[in-house]
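Read the structure below first, then the notes.
The values are calculated or read from the model by the stated rules, or taken from the named source; none is laboratory data. The shown structure was predicted, so the numbers you read here are calculated from the model rather than taken from an experiment. Backbone-built Cβ (ideal geometry, glycine too); neighbour counts: all protein chains shown. Side chains included, ligands, DNA and RNA excluded: accessible areas come from the protein's heavy atoms. Shrake-Rupley method; radii C 1.70, N 1.55, O 1.52, S 1.80 Å.
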Amino acid sequence: QVHLVESGGGLVQAGGSLRLSCVASGRIFSIATSGWYRQVPGKERELVAKITSGGVTVYADSVKGRFTISKDNTRETLYLQMNSLKPEDTAVYYCNAKKILIYWGQGTQVTVSS
């Protein structure tokens with residue numbers, strides 16, 4: 001089974017940047033649709049961005065122009081470059097991949113202070 005591990009979260013001031021990484025234990029990003037989701041307490045987990053195996057991307061309106069999803073198939077790593085961060089971006093960010101089965105990472109906390 002594929003195991004996903006996120007990293008790169010932390011505390012940043014509004015307007016700053018962070019780069020999240022998600023490393024897969026097996027081959028997945030070259031053959032599956034993957035993405036980043038985020039969740040805050042009391043709210044439903046929401047899609048931030050996703051990327052198909054072929055590299056087609058989709059972004060939530062709230063992050064368009066600020067976030068960029070990308071991947072390195074050779075390294076089996078998914079990235080989320082987050083720029084111009086806002087306090088409302090504060091959440092636990094999760095990596096996801098779907099190929100018959102759905103895989104989730106453990107999440108990494110992103111906190112944006114004003």
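P41 fails exactly one of the following numbered conditions: (1) in contact with a strand residue (DSSP E or B) (Cβ under 8 Å, 6 or more places away or on another chain); (2) open to solvent by 20 Å² or more (accessible area, probe 1.4 Å). What is the number of that condition?
Answer for P41: the failing condition is (1).
Can you name the residue in the stretch 94-111 that is open to solvent by less than 60 Å² (accessible area, probe 1.4 Å) and outside any strand (DSSP E or B) and, of all such residues, is nearest to V56 (Cα to Cα)? Before the answer, list the steps.
Here is the first cut: in the stretch 94-111, the ones open to solvent by less than 60 Å² (accessible area, probe 1.4 Å) are 94-97, 103, 105, 107-108, 110-111.
Next, only the ones that are outside any strand (DSSP E or B) stay: 105, 107.
Working: G105: 21, G107: 23 Å.
So, considering only residues that are open to solvent by less than 60 Å² (accessible area, probe 1.4 Å) and outside any strand (DSSP E or B), the one nearest to V56 (Cα to Cα) is G105.
Which residue is surrounded by the fewest Cβ atoms within 10 Å (Cβ to Cβ), if the candidates are limited to the stretch 1-15 and must be farther than 10 Å from G107 by Cα and polar (S, T, N, Q)?
Per the stated criteria, the residue is Q1.
State all residues of the stretch 71-93 that are in contact with a Ser or Thr (Cβ under 8 Å, 6 or more places away or on another chain), part of a strand (DSSP E or B) and not hydrophobic (A, V, I, L, M, F, W, C); if no residue qualifies, say none.
K71, T77, Y79, Q81, Y93
Considering (1) open to solvent by 30 Å² or more (accessible area, probe 1.4 Å); (2) at pLDDT 95 or above; (3) in contact with a helix residue (DSSP H, G or I) (Cβ under 9 Å, 6 or more places away or on another chain), say which one S114 fails and leave the rest.
In the conditions (1) open to solvent by 30 Å² or more (accessible area, probe 1.4 Å); (2) at pLDDT 95 or above; (3) in contact with a helix residue (DSSP H, G or I) (Cβ under 9 Å, 6 or more places away or on another chain), S114 misses (2) alone.
Out of K64, K71, K50, K99, I need the residue that is over 14 Å from the mean Cα position of the chain (by Cα) and of a type in the set (K, R). Which one?
Working: K64 fails: over 14 Å from the mean Cα position of the chain (by Cα); K71 fails: over 14 Å from the mean Cα position of the chain (by Cα); K50 fails: over 14 Å from the mean Cα position of the chain (by Cα).
None of the other options fit; the residue is K99.
For the stretch 71-93, give me each residue that is open to solvent by 60 Å² or more (accessible area, probe 1.4 Å) and aromatic (F, W, Y).
none
Filtering the stretch 44-80 down to residues that are acidic (D, E) and out of contact with any strand residue (DSSP E or B) (no Cβ under 7 Å at 6 or more places or on another chain), which residue is nearest to V92 (Cα to Cα)?
Start the filter on the stretch 44-80 by keeping residues that are acidic (D, E), which leaves 44, 46, 61, 72, 76.
Adding the requirement that they be out of contact with any strand residue (DSSP E or B) (no Cβ under 7 Å at 6 or more places or on another chain) leaves 44, 61, 72.
Details: E44: 12, D61: 18, D72: 22 Å.
Applying the filter and picking the extreme gives E44.
Residues are listed down the side, and each one gets a yes or a no for (1) open to solvent by 60 Å² or more (accessible area, probe 1.4 Å); (2) not in a loop (DSSP other than H, G, I, E, B):
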| site | (1), (2) |
| --- | --- |
| S21 | no, yes |
| I28 | no, no |
| S34 | no, yes |
| A49 | no, yes |
| G54 | yes, no |
| I69 | no, yes |
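Considering only the stretch 7-19, state which residues are of a type in the set (S, T, N, Q), farther than 21 Å from A97 by Cα and either free of Cβ contacts under 8 Å to residues at least 24 places away in the same chain or part of a strand (DSSP E or B) (or both). Lay out the reasoning, then the answer.
Residues of the stretch 7-19 of a type in the set (S, T, N, Q): 7, 13, 17.
Subset that is farther than 21 Å from A97 by Cα: 13, 17.
Q13 - this is the single residue of the stretch 7-19 that is of a type in the set (S, T, N, Q), farther than 21 Å from A97 by Cα and either free of Cβ contacts under 8 Å to residues at least 24 places away in the same chain or part of a strand (DSSP E or B) (or both).
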